[in-house]
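K.L.:
So that we are looking at the same thing, I have put the structure below in structure tokens.
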Amino acid sequence: MSKLNDNSSTPKHHILITGASSGIGAALAEFYARPNIHLTLWGRSEERLEKTAETVRAKGATVATFSIDITNAESAIEALRKADDEAPVDMLILSAGMADIRPQNALAEATDTVLKMSMVNFATPVAMATEMAGRMAERKSGHIALMGSVASFHDLPLATVYSGSKAGIGRFSTALRAAMTPHNVKITLIVPGFIDTPMSQRLEGEQAFLVPVDKAARKIARAINSGRGVLVFPWVFQLTRLLEAVLPRALAHKILRRLEIMQHPPAA
Ligand SMILES: NC(=O)c1ccc[n+]([C@@H]2O[C@H](COP(=O)([O-])OP(=O)(O)OC[C@H]3O[C@@H](n4cnc5c(N)ncnc54)[C@H](OP(=O)(O)O)[C@@H]3O)[C@@H](O)[C@H]2O)c1
């Protein structure tokens, strides 16, 4: 438990959540909010962050918000060090992420978008988790949760960088768990299917086994609290993963190339 400099003598559990201005990150902030909790909430939109902050304050938690663009990994690391120096972080939840697909009629994904996506979905969370793991290992306690996706199970022709970045986060998380277990630092990889958030709402068409965001947050928090290594949900995606693994790759690719997905532009 961390002591916070908020004139209260009661030690508070400090949880830092990235992507807390929307979707899963905001729902997790709301889930964890209670009087003995201090939440540090990161996102880009100050307005959306303040909305989450209001909800968690109403539940009795103390809160600090921080508007940051994590395509800049150096700034993110500096801000993480500062937050942890002020009050040691007990739990780091790295939920920020972006998704994108190949634009219609383009032969490949847009280079500037894939560079951003590589930072937001992979490079920055990996650097933040590594920095935090080292600090938590010294303290012999702490928990880090990272957000993968069932997209990482498949060679998605329309979303090569999204599926690739999430596959990278997946391998990194389980490797970090192997490294951190002797130091009493827990690592949890969350691998969701479709969750009803602004990210999935950008996509047009049927989203199989769509999960409401509050239900997803409860499931994720249960997995984190029990110290689980990997949570894949809904479980049916374990079957699609198995199916792709047993099919000859050329045949799997032929099927995957038929997937047609359209997306709306991101909200401002
Ligand atoms: N929803 C799904 O179906 C689904 C499925 C599998 C995995 N996931 C993963 O779950 C995580 C959360 O997604 P979500 O559904 O909650 O999406 P969301 O509602 O779109 O929220 C994304 C969050 O990430 C933040 N973010 C995006 N780019 C950022 C940047 N450059 N710098 C700082 N923060 C940035 C956003 O901040 P602002 O809003 O302030 O810009 C927002 O808080 C992501 O990692 C996503 O890949 C989602």
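K.L.:
So, with a 1.4 angstrom probe, what is the percent of accessible area on the chain that is carbon and sulfur?
P.N.:
Carbon and sulfur together cover 56 percent of it.
K.L.:
Run lengths n ≥ 4 of DSSP H only: what is the helix-derived mean residue ellipticity at 222 nm for the chain, with -39500 (n - 2.57) per run over all residues, to the nearest 500?
P.N.:
That comes out to -14000 deg cm²/dmol.
K.L.:
On to the next question. Please list, in order along region 138-147, the HN-Hα scalar couplings obtained from phi with the Karplus expression 6.51 cos²θ - 1.76 cosθ + 1.60 (θ = phi - 60°), rounded to whole Hz, x for Gly and Pro.
P.N.:
With the stated coefficients, region 138-147 comes to 5, 7, 6, 6, x, 9, 10, 10, 10, 9 Hz.
K.L.:
Given the Cα-Cα distance of residue 160 and residue 138 and 0.36 nm per residue of separation, how much length would full extension add, in nm?
P.N.:
Computed gain between residue 160 and residue 138 is 4.2 nm.
K.L.:
Taking amide H positions as placed in the peptide plane 1.01 Å from N, state which residues far from residue 230 in sequence (5 or more) or on other chains have amide H under 5 Å from it.
P.N.:
Answer set, sorted by chain and number: 189.
K.L.:
Helix 46-58 versus the longest principal axis of the chain: what is the Cα-based angle in degrees, 0 to 90, to the nearest 10?
P.N.:
Taking the Cα atoms of the chain, the angle to 46-58 is about 50 degrees.
K.L.:
Using a Förster distance of 25 Å, how high is the FRET efficiency between residue 111 and residue 238, based on the Cβ-Cβ distance and rounded to 0.05?
P.N.:
Taking R0 as 25 Å, the efficiency between residue 111 and residue 238 is 0.15.
K.L.:
Let me know the charge dipole size of the chain about its Cα centre in debye, to the nearest 20, where only the beta-carbon of Lys, Arg (+1) and Asp, Glu (-1) is charged.
P.N.:
The calculation lands at about 920 debye.
K.L.:
Continuing with the same structure: Using the heavy atoms of the protein chains alone and a 1.4 angstrom probe, what is the accessible area of the chain per residue in square angstrom?
P.N.:
Here the residues of the chain average 51 Å² of exposed surface.
K.L.:
Springs between alpha-carbon atoms under 10 Å, Gaussian network over the chain: tell me which of 58, 167, 87 tops the mean-square fluctuations.
P.N.:
Per the Cα network of the chain with a 10 Å cutoff, 58 tops the list.
K.L.:
Ordered by residue, what ³J(HN,Hα) values in Hz, to whole numbers, does region 195-209 give under the Karplus form 6.51 cos²θ - 1.76 cosθ + 1.60, where θ = phi - 60° and Gly and Pro are x?
P.N.:
The phi angles translate into 10, 6, 9, x, 5, 6, 5, 6, 7, 9, x, 5, 10, 5, 6 Hz.
K.L.:
For an R0 of 25 angstrom, estimate the FRET efficiency from the Cβ-Cβ distance between residue 178 and residue 245 and round to the nearest 0.05.
P.N.:
Efficiency, from the Cβ-Cβ distance: 0.70.
K.L.:
Another question, if that's okay. Taking only the Cα atoms of the chain, how large is their convex hull per residue, in Å³?
P.N.:
124
K.L.:
Got a sec? What order do 42, 235 fall in by accessible area at 1.4 Å, biggest, i.e. largest, first?
P.N.:
The residues order as 235, 42, largest area first.
The values are calculated or read from the model by the stated rules, or taken from the named source; none is laboratory data. Bear in mind the structure is a predicted one, so any value in this text is a computation, not a measurement. Here Cβ is always computed from backbone atoms with ideal geometry, including for glycine, and neighbour counts include all displayed protein chains. The area values use the complete protein model at the heavy-atom level, side chains included, leaving out ligands, DNA and RNA. Shrake-Rupley method; radii C 1.70, N 1.55, O 1.52, S 1.80 Å.
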